[in-house]
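The values are calculated or read from the model by the stated rules, or taken from the named source; none is laboratory data. Just so we're clear, the structure is a prediction, and the values are computed from it rather than from any experiment. Cβ sites come from the backbone with ideal geometry, for glycine too, and all protein chains shown count toward neighbours.
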Ligand code: IFM
């Protein structure tokens with residue numbers, strides 16, 4: 001299927017094992033399974049993650065819990081010698097993902113080590129994480145030894161307890177057992193997280209559908225002999241076809257969930273449906289997911305492929321409806337970045353979710369509503385009122401970011417960082433995203449279901465955080481860190497001040513502040529909050545007070561000063577600190593989100609100024625640079641930045657370390673950014689209180705872009721080509737001119753604007 005298969009050939013190098021593990025991830029927002037091969041273990045970073053379950057071991061960083069791997073398979077010959085992927089040709093091993101249905105597959109020829117170039121066995125596998133049943137994982141294993149008929153093989157399979165942990169172990173009391181339920185033999189593994197004792201269950205049922213297996217006892221050597229293991233050893237029985245097919249159904253859940261107690265009894269019912277049933281079911285669900293979100297780009301198959309890959313990852317991570325789950329900064333690709341939720345979700349991913357799958361996007365908001373107690377606690381801890389959301393949020397909104405979040409690679413000493421304490425824009429980012437969610441989906445009910453309280457408490461936080469400067473007749477926000485984390489503890493960061501102003505305006509508009517004194521104060525702060533203004537003849541907005549007086553040096557010069565390639569450029573002694581070199585889009589992000597604050601010409605000037613000074617040390621940075629470049633007609637640079645975002649994981653080029661901290665994994669924010677670049681950048685989509693408008697600037701070789709969206713419950717399809725803008729909705733195609741506003745009334749058929 002053209003454009004839907006992402007695959008690699010040949011035996012992977014160590015790095016490729018990691019990138020394939022990321023790129024071929026299968027997930028359904030609740031469970032994530034890394035795209036590793038069946039025979040892999042912790043060294044190759046196998047991973048089965050449940051979204052939202054965290055644990056801390058012996059006071060170390062809390063991180064998501066990686067489960068024992070229920071997809072494990074080891075193949076040996078009848079002498080117990082391991083087989084390997086036959087190295088004679090890259091064609092002997094292919095490995096990939098079918099983006100259309102989230103099906104991971106491998107197709108390998110295996111050989112013996114003593115005669116590596118002679119294949120003796122074919123091994124195929126497929127797996128997916130069900131879109132219908134949150135905890136269900138399906139696996140099909142197919143062995144074919146027509147190359148060496150009459151041979152017999154030893155297979156070790158089951159739930160492998162060899163777990164990849166960064167700060168673990170996180171699980172204990174791992175107890176495997178076999179249970180006969182309704183005549184079906186189910187393997188059950190029970191375990192508990194160490195810190196909070198959260199019970200987790202995995203049930204696994206394997207059915208031989210072709211050929212035969214007989215048990216070997218005891219389990220073969222290696223991981224199978226682990227005392228906590230759920231592995232069993234088998235031997236193939238002779239069959240005229242020299243083939244074996246095994247279908248495996250796996251069900252996972254944890255203690256607080258309503259389906260937890262039913263894991264073992266539910267599995268036989270689910271396993272009664274065969275592979276074909278579940279595969280069709282999966283294809284049907286994914287078909288619906290894609291129907292609502294697949295953006296088609298004619299004239300650029302590379303861009304199309306990169307975008308589709310990005311959307312695949314975003315769709316895989318989309319939480320099930322009503323779950324109050326969110327999407328961590330590295331998705332479900334491992335314990336990286338503590339599995340925490342950052343502003344990445346609200347600013348970079350949520351627009352895609354709310355404009356394509358609004359009902360499931362609601363889960364992201366519910367997650368923040370659920371996290372409000374954590375945010376109130378954090379504000380109080382620093383002596384403020386209201387809600388100061390966690391910079392790195394884990395379950396129940398708990399802050400996971402530490403004061404010493406980076407270790408200096410040169411000295412090995414922990415570095416004092418201020419991400420947690422000073423990136424106060426996080427609360428306003430959440431309010432900004434909530435406002436957009438309501439505007440775009442029309443779901444005002446969320447306000448009465450906790451949304452208004454979130455907005456009000458965030459506003460109260462800023463009212464207690466800002467300072468009145470009577471001498472200058474203005475309010476200021478002092479001692480903050482903006483998106484550019486290389487310059488910490490600055491005053492009046494442009495992005496932060498813009499965001500806070502918006503937060504207060506929205507709180508007033510939605511009646512989220514109750515106390516009359518607070519309402520009056522908010523009105524005053526909205527009027528008098530200082531927003532850094534374009535400066536000098538060039539009209540450059542200072543990123544913060546004094547920014548324009550810092551040293552002007554090239555990015556290369558700063559990078560050349562490093563003593564170690566992973567040296568952190570920010571912090572107290574960071575090389576970038578006294579220069580104008582910044583980590584990521586900051587002023588430019590502010591202008592991307594609030595283009596109306598200055599005239600177009602100044603937007604261009606600021607883009608050019610900051611572009612030369614931005615290291616793009618974060619995967620988030622490219623979105624705003626591309627978005628603005630497209631809007632100002634610089635489609636060439638926009639396209640480059642689009643590729644940086646959309647191909648970040650395909651190319652495996654993202655930073656892997658900050659200091660000694662491993663930060664690999666997938667980059668859903670960059671993937672959400674890739675979608676934004678196409679939709680808000682190249683198509684120039686703007687959604688305002690008045691309605692929708694488009695002002696396209698397509699790269700010259702893009703013939704046409706087609707994009708489905710859901711706006712306040714109405715499905716629309718935008719088709720933009722060089723000479724027309726067509727919008728199809730409610731059974732009719734409407735042609736509009738660039739910049740013309742299509743009123744809400746016309747789109748939804750409803751009376752007046754209601755959001
Ligand atoms: O949220 C980002 C931050 O802006 C830069 N460092 C990485 C974080 C997670 O992606």
I need every pair where a residue in the range 572-597 that is under 17 Å from residue 641 (Cβ atoms) and in contact (Cβ under 8 Å) with a residue 24 or more places away in the chain has its Cβ under 6 Å from the Cβ of a residue that is more than 14 Å from the ligand (Cβ to nearest atom) and in a loop (DSSP other than H, G, I, E, B), sequence separation at least 6 or different chains. 582/613; 586/543; 587/541; 587/543
Scan the helices (runs of 4 or more DSSP H) fully inside the range 476-594 and keep the ones with 3 or more residues being under 22 Å from residue 406 (Cβ atoms). 555-560
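This table checks each residue for (1) farther than 29 Å from residue 29 by Cβ; (2) over 17 Å from the mean Cα position of the chain (by Cα); (3) crowded, with 24+ Cβ neighbours inside 10 Å.
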| residue | (1), (2), (3) |
| --- | --- |
| 350 | no, no, yes |
| 353 | no, no, yes |
| 356 | no, no, yes |
| 363 | no, no, no |
| 376 | no, yes, no |
| 400 | no, yes, no |
| 413 | yes, yes, no |
| 422 | yes, yes, no |
Tally, over the range 314-360, of residues that are closer than 24 Å to residue 163 by Cβ, out of contact with any strand residue (DSSP E or B) (no Cβ under 8 Å at 6 or more places or on another chain) and not in a helix (DSSP H, G or I): 1
From the list 571, 617, pick out the single residue that is on the phi > 0 side of the Ramachandran plot and either within 16 Å of the ligand (Cβ to nearest atom) or buried (at least 21 other Cβ atoms within 10 Å of the Cβ) (or both). 571
Hey, any hits in the range 314-322 for a residue that's within 16 Å of the ligand (Cβ to nearest atom) and either within 12 Å of the chain's Cα centre (by Cα) or surrounded by fewer than 24 Cβ atoms within 10 Å (Cβ to Cβ) (or both)? yes
Residue 337: passes all of (1) away from the ligand (no atom under 16 Å from the Cβ); (2) over 10 Å from the mean Cα position of the chain (by Cα) but (1)
Which of the residues that make up the range 13-27 are farther than 25 Å from residue 315 by Cβ and in a loop (DSSP other than H, G, I, E, B)? 13
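The rows are residues; the columns are (1) buried (at least 24 other Cβ atoms within 10 Å of the Cβ); (2) within 20 Å of residue 706 (Cα to Cα); (3) away from the ligand (no atom under 16 Å from the Cβ).
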position: 626; (1), (2), (3): yes, yes, yes
position: 634; (1), (2), (3): no, no, yes
position: 638; (1), (2), (3): yes, yes, yes
position: 643; (1), (2), (3): no, yes, yes
position: 653; (1), (2), (3): no, no, no
position: 672; (1), (2), (3): yes, yes, no
Among residues of the range 1-22 being in contact (Cβ under 8 Å) with a residue 12 or more places away in the chain and closer than 24 Å to residue 168 by Cβ, the residue nearest to the chain's Cα centre (by Cα) is 22
What's the number of the only condition in (1) within 16 Å of the ligand (Cβ to nearest atom); (2) in contact with a strand residue (DSSP E or B) (Cβ under 7 Å, 6 or more places away or on another chain) that residue 579 fails to meet? (1)
Selection count, the range 323-334, where residues are within 16 Å of the ligand (Cβ to nearest atom) and farther than 24 Å from residue 21 by Cβ: 0
Selection from the range 555-568 of residues in contact with a strand residue (DSSP E or B) (Cβ under 9 Å, 6 or more places away or on another chain) and surrounded by 12 or more Cβ atoms within 10 Å (Cβ to Cβ) yields 555, 557, 558, 566, 568
Some residue of the range 388-397 being surrounded by fewer than 19 Cβ atoms within 10 Å (Cβ to Cβ) and either at pLDDT 95 or above or within 16 Å of the ligand (Cβ to nearest atom) (or both): no
Residue 176 fails exactly one of the following numbered conditions: (1) at pLDDT 95 or above; (2) in a strand (DSSP E or B). What is the number of that condition? (1)
Filtering the range 361-408 down to residues that are in contact with a strand residue (DSSP E or B) (Cβ under 6 Å, 6 or more places away or on another chain), within 18 Å of residue 431 (Cα to Cα) and part of a helix (DSSP H, G or I) yields 378
Can you name the number of the only condition in (1) at negative phi; (2) within 16 Å of the ligand (Cβ to nearest atom); (3) in contact (Cβ under 8 Å) with a residue 24 or more places away in the chain that residue 647 fails? (2)
Would you call residue 267 in contact with a strand residue (DSSP E or B) (Cβ under 6 Å, 6 or more places away or on another chain) and buried (at least 16 other Cβ atoms within 10 Å of the Cβ)? yes
Going through the range 289-313 in order, the residues found to be within 30 Å of residue 390 (Cβ to Cβ) and either within 16 Å of the ligand (Cβ to nearest atom) or in a loop (DSSP other than H, G, I, E, B) (or both) are 293, 310, 313
Given (1) in contact with a strand residue (DSSP E or B) (Cβ under 9 Å, 6 or more places away or on another chain); (2) crowded, with 21+ Cβ neighbours inside 10 Å; (3) modelled with pLDDT of 95 or more; (4) not in a helix (DSSP H, G or I), index of the condition residue 273 fails: (2)
Tabulated pairs, the range 615-641, first within 25 Å of residue 574 (Cα to Cα), second part of a helix (DSSP H, G or I) and more than 16 Å from the ligand (Cβ to nearest atom), C-beta under 6 angstrom, 6+ apart or interchain: 615/555; 622/641; 625/641
Any idea how many residues of the range 233-256 are part of a loop (DSSP other than H, G, I, E, B) and either touching a residue at least 12 places away in the same chain (Cβ under 8 Å) or touching a helix residue (DSSP H, G or I) at 6+ places or on another chain (Cβ under 6 Å) (or both)? 7
Selection within the range 502-527 - more than 19 Å from residue 591 (Cα to Cα) and touching a residue at least 60 places away in the same chain (Cβ under 8 Å): 507, 510, 512, 522, 525
